[in-house]
1. Conditions: (1) more than 16 Å from residue 319 (Cβ to Cβ); (2) within 16 Å of ligand 2 (Cβ to nearest atom); (3) part of a loop (DSSP other than H, G, I, E, B). Residue 119 meets all but one. Number of the miss?
2. Give me the pairs, please: first residue somewhere in the range 163-192 and free of Cβ contacts under 8 Å to residues at least 60 places away in the same chain, second residue anywhere and within 10 Å of ligand 1 (Cβ to nearest atom) and in a helix (DSSP H, G or I), beta-carbon distance under 7 Å, and either six or more positions apart or on two chains.
3. Among the listed residues 197, 185, identify the single one that is more than 16 Å from ligand 2 (Cβ to nearest atom), closer than 30 Å to residue 225 by Cα and either out of contact with any strand residue (DSSP E or B) (no Cβ under 8 Å at 6 or more places or on another chain) or outside the structural domain of residue 55 (by the TED database) (or both).
4. Can you confirm whether the range 36-45 contains a residue that is touching a strand residue (DSSP E or B) at 6+ places or on another chain (Cβ under 8 Å), more than 16 Å from ligand 3 (Cβ to nearest atom) and within 19 Å of residue 119 (Cα to Cα)?
5. Among the candidates 58, 90, 63, single out the residue that is under 14 Å from residue 134 (Cβ atoms) and in contact (Cβ under 8 Å) with a residue 24 or more places away in the chain.
6. Considering only residues of the range 34-64 that are farther than 13 Å from residue 12 by Cα, assigned to a strand (DSSP E or B) and over 17 Å from the mean Cα position of the chain (by Cα), which is farthest from ligand 2 (Cβ to nearest atom)?
Ligand code: NAD
Ligand code: ZN
Ligand code: ZN
């Protein structure tokens, strides 16, 4: 069974799907647990670039290798694995660069809706179903290129470690690798404390930040952020003035590091404006619909701020 999205905007429907055996260099994985990341929602809304329908979404998951195709050496049936929505071929110039986590042999440069040989392993009711980011974890069985699975410890609890597929490394890595929150005593603001933003909170805490301000319009999420290390919680709806002014008033000159983990143009500019005008670093994590444009007053960057983006928190998810 798999959750199939037949068309943009249509609810997922649970279907019986045929999953072909893995071809050379591929593995078939029995998915035991899957997480839901907001990027799946972007896909269903038709905002994800170049995605084709019908598709099996899902890109956070954990499972057990069921069978392997010819030439597969790094995993064997029975191994526990995490599918990687950002693969690591280990051979391209980007994989060989210790500072890069963007493999050139990914679905982004090849075909994200079909496997590397440009075919699908899924059929349903006689129709070809597309893959998503080569992993499609909303299925009981899925076929993935070998270099897009990471073998994990046999004792790992799959219902928890599935979050290592996207949300956790993205947020934690955004703090540690992308922003490089290393100075103890730093101040940080996190816009949006869903799965990704809460992981940013954990990263900032681990880095020794002294003030961690969670910004969200959902008070239940703010309570969770506090449990995980946020020192202050701010709901923008409680204020008349722009949130960047609220944060600047709270901190004197803005935070040292700000993060946008929502995916709206207005909160991206607000996050940028919330960090110190000269030395602040703002990391864009949230995704905007493909083709979206952000306009900013150039003085926001000209005054010295650094504006960065991150993919999976800069983590290389496989050796
Ligand atoms: P989520 O839905 O779990 O969390 C989003 C949070 O933002 C929610 O708590 C929501 O209440 C809050 N929010 C919404 N509008 C707001 C506003 N105007 N002001 C303040 N808070 C607001 O989403 P998620 O799974 O944590 O993903 C967050 C974003 O990160 C998405 O855009 C997703 O596509 C993106 N993402 C990017 C990467 C990457 O590699 N860059 C990886 C994973 C996810
Ligand atoms: Zn994701
Ligand atoms: Zn590579």
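The values are calculated or read from the model by the stated rules, or taken from the named source; none is laboratory data. Since the model is a prediction, treat every value here as computed from it, not as a measurement. Here the Cβ is made from the backbone with ideal geometry for all residues, glycine too, and neighbour counts use every protein chain on show.
1. Residue 119 satisfies all of (1) more than 16 Å from residue 319 (Cβ to Cβ); (2) within 16 Å of ligand 2 (Cβ to nearest atom); (3) part of a loop (DSSP other than H, G, I, E, B) except (2).
2. Within 7 Å, the pairs are 168/199.
3. Values: 197 fails: more than 16 Å from ligand 2 (Cβ to nearest atom).
Every option except 185 fails the conditions.
4. Pass one, the range 36-45, residues touching a strand residue (DSSP E or B) at 6+ places or on another chain (Cβ under 8 Å): 36-37, 43-44.
If we keep only those that are more than 16 Å from ligand 3 (Cβ to nearest atom) as well, we get 36-37, 43-44.
Retained after the next criterion (residues that are within 19 Å of residue 119 (Cα to Cα)): none.
Taking every residue of the range 36-45 in turn, none turns out to be touching a strand residue (DSSP E or B) at 6+ places or on another chain (Cβ under 8 Å), more than 16 Å from ligand 3 (Cβ to nearest atom) and within 19 Å of residue 119 (Cα to Cα).
5. One residue alone meets the criteria, 58.
6. Across the range 34-64, the extreme among qualifying residues is 64.
The rows are residues; the columns are (1) over 28 Å from residue 49 (Cβ atoms); (2) more than 9 Å from ligand 1 (Cβ to nearest atom).
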| position | (1), (2) |
| --- | --- |
| 233 | yes, yes |
| 244 | yes, yes |
| 266 | no, no |
| 297 | no, yes |
| 307 | no, yes |
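Yes/no matrix, rows are residues, columns are (1) outside the structural domain of residue 115 (by the TED database); (2) crowded, with 20+ Cβ neighbours inside 10 Å; (3) closer than 21 Å to residue 147 by Cβ:
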residue: 27; (1), (2), (3): no, yes, yes
residue: 30; (1), (2), (3): no, no, yes
residue: 48; (1), (2), (3): no, yes, no
residue: 56; (1), (2), (3): no, yes, yes
residue: 62; (1), (2), (3): no, yes, yes
residue: 67; (1), (2), (3): no, no, yes
residue: 74; (1), (2), (3): no, no, yes
residue: 83; (1), (2), (3): no, yes, yes
